[in-house]
Amino acid sequence: MDITELSQQLKKASPAPIYLVLGTQQALQQQALDLFLTLIPESERVMNVGRYDMETTPVAMALDDAMSAPFFGKRRLVVINKPYFLTGEKKRGKIDHDLDSFKRYLAQPEMTTTLVILAPYEKLDGRKGIVKTLKRAAVTISAAPLNEQQARQQVVGRLMGAGFQIDQAAVDELVRRTNADYGLMIANLAKLKLLAYQDKHITQAQVAALVPQSLDENVFDLVTAVLRHDQVRALDLYRQLLAGQQQPLRINAVLVGQFRLLIQLKVLSRRGLSQGNLAKQLNVHPYRVKLGLQTARRFSLLALENAYLGLIRIERALKTTQRDPALLFQLFMLQYAHQAKVAN
């Protein structure tokens with residue numbers, strides 16, 4: 001079940017006694033928690049909502065709370081966060097958790113309590129008996145990272161639910177500026193809704209004005225200029241990054257990372273790996289893989305390698321000399337252009 005299905009279920013029917021919210025997308029974890037909080041009237045939350053961090057609190061305390069009757073209300077909400085004992089993770093000085101009691105509760109939950117287990121992990125350790133018991137007893141909500149299309153749909157759906165419209169071009173701009181990171185997209189919605197409060201209509205210009213480009217996105221434009229041997233454009237973008245208080249070593253490190261990714265995509269895509277498999281194997285967001293493949297296909301492996309090696313030389317010079325970073329970058333562009341002429 002995803003967040004949208006959870007929202008619909010909670011509106012139409014009584015909540016299940018146990019939910020497991022599994023996945024590393026923090027924005028989805030928070031959305032799920034917000035939905036569960038709506039089960040308890042705001043005036044009752046002080047007495048009927050309990051939150052327990054398993055990295056600092058024994059699970060027995062959460063279970064005691066879960067087995068208590070609601071205090072002047074119809075329902076109790078108990079939230080267990082970071083249950084690392086459900087994973088293969090080892091914790092030093094870990095809390096002593098009574099997992100036998102937890103199993104017993106899962107078998108016979110308190111029907112006036114909604115127990116929510118927020119597990120911000122990619123997966124649980126399916127070999128453990130407690131995990132098998134939990135998966136049988138709980139309704140599982142996915143908080144796995146969203147791909148580009150899913151992120152688009154969620155953002156548009158949230159805005160429509162709040163009475164807002166957003167142009168397709170504005171969604172495209174938001175995706176580009178956040179690298180399709182759903183957490184960043186959601187974080188910027190509050191500003192966009194405030195700007196469009198009167199007419200409830202979000203435009204591309206508003207997104208461009210309010211949503212800052214990440215360093216990765218700015219560098220991606222710079223990578224394109226480098227590969228096209230557009231020295232004027234590349235140097236201008238580089239100086240803009242310096243003027244924006246970005247450190248030369250940081251800029252260079254991101255450039256090196258971008259070219260390393262392009263080389264990896266160029267090599268692996270020749271072996272027939274799909275976009276999804278590339279993202280998984282390289283542990284990179286699918287949107288970055290999509291853009292990277294578009295770029296890598298337009299340029300030769302030699303061109304990518306020459307740029308990568310040139311940037312490694314800049315890094316060495318930045319660390320060992322006091323030469324002007326912009327001058328070093330300009331010299332790199334001149335050498336890179338010369339290598340291209342020789343290759344042709």
Among Thr112, Thr38, the single one that is β-branched (Val, Ile, Thr), farther than 28 Å from Ala187 by Cβ and open to solvent by 30 Å² or more (accessible area, probe 1.4 Å) is Thr112
Here is a check on your reading of the model: is Gly257 part of a helix (DSSP H, G or I), within 23 Å of Leu184 (Cα to Cα) and open to solvent by less than 50 Å² (accessible area, probe 1.4 Å)? yes
message = Is it the case, given these coordinates, that Lys290 is modelled with pLDDT of 90 or more, surrounded by fewer than 19 Cβ atoms within 10 Å (Cβ to Cβ), not aromatic (Phe, Trp, Tyr) and not in a loop (DSSP other than H, G, I, E, B)?
response = no
Can you confirm whether segment 319-327 contains a residue that is part of a helix (DSSP H, G or I), at pLDDT 90 or above, of a type in the set (A, V, I, L, M) and open to solvent by less than 50 Å² (accessible area, probe 1.4 Å)? yes
Checklist line | Test for Thr178: is it open to solvent by 40 Å² or more (accessible area, probe 1.4 Å) and in contact with a Leu (Cβ under 6 Å, 6 or more places away or on another chain) | finding: no
Exercise. Is segment 54-66 home to any residue that is modelled with pLDDT of 90 or more, within 28 Å of Asp98 (Cα to Cα) and of a type in the set (S, T, N, Q)?
Worked result: yes
Taking segment 293-318 and the residues there that are open to solvent by 80 Å² or more (accessible area, probe 1.4 Å) and in a helix (DSSP H, G or I), the one that is farthest from Leu268 (Cα to Cα) would be Arg316
Okay, helices (runs of 4 or more DSSP H) sitting entirely in segment 109-202 with 1 or more residues that are more than 30 Å from Thr87 (Cβ to Cβ), I get 148-161, 168-178, 182-195
Of the residues in segment 63-74 that are touching a strand residue (DSSP E or B) at 6+ places or on another chain (Cβ under 8 Å) and open to solvent by 50 Å² or more (accessible area, probe 1.4 Å), the one that is nearest to Leu106 (Cα to Cα) is Met67
For Asn218, the lone unmet condition from (1) more than 23 Å from the chain's Cα centre (by Cα); (2) surrounded by 15 or more Cβ atoms within 10 Å (Cβ to Cβ) is (1)
Met1 being in contact (Cβ under 8 Å) with a residue 60 or more places away in the chain and either touching a helix residue (DSSP H, G or I) at 6+ places or on another chain (Cβ under 8 Å) or open to solvent by less than 40 Å² (accessible area, probe 1.4 Å) (or both):
yes
Cβ pairs under 7 Å, 6+ apart or interchain, first in segment 18-45 and more than 19 Å from Asp65 (Cα to Cα), second among the polar types (S, T, N, Q) and open to solvent by 20 Å² or more (accessible area, probe 1.4 Å), ordered by first then second residue, are Leu22/Thr140; Leu22/Ser142; Gly23/Ser142; Leu35/Ser7
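The values are calculated or read from the model by the stated rules, or taken from the named source; none is laboratory data. This is a predicted model, so every value here is computed, not measured. Cβ: placed from backbone, ideal geometry, glycine included. Neighbour counts: every protein chain shown. With ligands, DNA and RNA removed, areas are computed over all heavy atoms of the protein, side chains included. Shrake-Rupley method; radii C 1.70, N 1.55, O 1.52, S 1.80 Å.
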